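Step one of this worksheet: look at the structure below.
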Amino acid sequence: MTTSVLVLVGSLRAASTNRALAEALVHHAPEGAELRLFEGLGELPFYSDDLEAAGAPASVEALRAAVAEADTLLLVTPEYNGALPAVLANAIDWISRPFGAGAVKDVPSAVVGTALGQYGGVWAQEIARRALGIAGASVLDEVFLAVPGSVKRYAELHPRDDQDVVEGAAKVIGALVAAHEGAVVPA
């Protein structure tokens, strides 16, 4: 059995270290997991009840369908001013609707990321976990990957070649697979 993992990257920049981290996670996905990067977060309009009432735009329907089709969800987030990037917060808003029955309801989810600072974006990751939980996701709080010093660390090294990422990918993705299969997730 293969577990599908939809990956949402919270940076729209092509050369983003978080995009490179997401690519590394895809590269190092353990057997039994298939990761797919969602393209199109930058096309989502900001959430509005008025837009929702008029019928969600095609970009929103594409995101919702991708989340609904996936077995699990993985957010890869940078940290902007100690917080979650607007593009990820907006995506969570859209997939949480209708509230209590959104595409993300009960979906095993995890959050990872890298950031310039010494803590690797843990504040943004905490905010993302909390928002996902409120949105109805089944958030795996016990597993995470926070890679500090991204700009220097990945100036000449791709995250795919970083041993911390290799080990972290196995742990986080393995936990998502276990959660999907109904197994107890190891701490």
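The values are calculated or read from the model by the stated rules, or taken from the named source; none is laboratory data. Treat the numbers as computed from the prediction; the structure is a model and nothing was measured. Glycine also receives a Cβ, built like all others from the backbone with ideal geometry; neighbour counts cover every protein chain displayed.
Some points to look at:
- Residue ID - surrounded by the most Cβ atoms within 10 Å (Cβ to Cβ), chosen from residues in the stretch 112-126 that are in contact with a Gly (Cβ under 6 Å, 6 or more places away or on another chain) and not in a strand (DSSP E or B): GLY121
- Check on VAL104, under 29 Å from ALA15 (Cβ atoms) and either in contact (Cβ under 8 Å) with a residue 60 or more places away in the chain or touching a Lys or Arg at 6+ places or on another chain (Cβ under 6 Å) (or both): no
- Scanning the stretch 17-60 for residues that are in contact with a Ser or Thr (Cβ under 9 Å, 6 or more places away or on another chain), assigned to a loop (DSSP other than H, G, I, E, B) and closer than 29 Å to GLY149 by Cα returns a single hit, GLY40.
- If only residues of the stretch 33-83 that are among the aliphatic types (A, V, I, L, M) and within 16 Å of ARG19 (Cα to Cα) are counted, the one that is surrounded by the most Cβ atoms within 10 Å (Cβ to Cβ) is VAL76.
- Hits in the stretch 78-111 (condition: assigned to a loop (DSSP other than H, G, I, E, B) and farther than 25 Å from GLY182 by Cβ): PRO78, GLU79, ASN81, GLY82, LEU84, PRO85, ARG97, PRO98, PHE99
- Restricting attention to the stretch 1-32, the residues that are out of contact with any Leu (no Cβ under 7 Å at 6 or more places or on another chain) and closer than 20 Å to ASP161 by Cα add up to 14.
- Filter result for VAL143 (hydrophobic (A, V, I, L, M, F, W, C), modelled with pLDDT of 95 or more and in contact with a strand residue (DSSP E or B) (Cβ under 9 Å, 6 or more places away or on another chain)): no
- The stretch 126-149 residues that are among the hydroxyl-bearing types (Ser, Thr, Tyr), paired with ones that are in a loop (DSSP other than H, G, I, E, B) (beta carbon under 7 Å, 6 or more apart): SER138/ASP106; SER138/VAL107
- Any chance ALA178 is farther than 17 Å from GLU79 by Cβ and not acidic (Asp, Glu): yes
- Residues in the stretch 2-24 that are basic (Lys, Arg) and surrounded by fewer than 17 Cβ atoms within 10 Å (Cβ to Cβ): ARG13 alone.
- Some residue of the stretch 166-174 being in a helix (DSSP H, G or I) and more than 28 Å from THR2 (Cβ to Cβ): no
- Pick from the stretch 1-16, criterion under 20 Å from GLU79 (Cα atoms) and either without any contact (Cβ under 8 Å) to a residue 40 or more places away in the chain or assigned to a loop (DSSP other than H, G, I, E, B) (or both), ranking: nearest to the chain's Cα centre (by Cα): GLY10
- Checked against (1) in contact with a helix residue (DSSP H, G or I) (Cβ under 6 Å, 6 or more places away or on another chain); (2) over 23 Å from ALA20 (Cβ atoms), ILE92 meets all criteria but (2).
- Answer from GLY32, GLY100, GLY40 - the residue that is on the phi > 0 side of the Ramachandran plot, in contact with a Gly (Cβ under 8 Å, 6 or more places away or on another chain) and not aromatic (Phe, Trp, Tyr): GLY100
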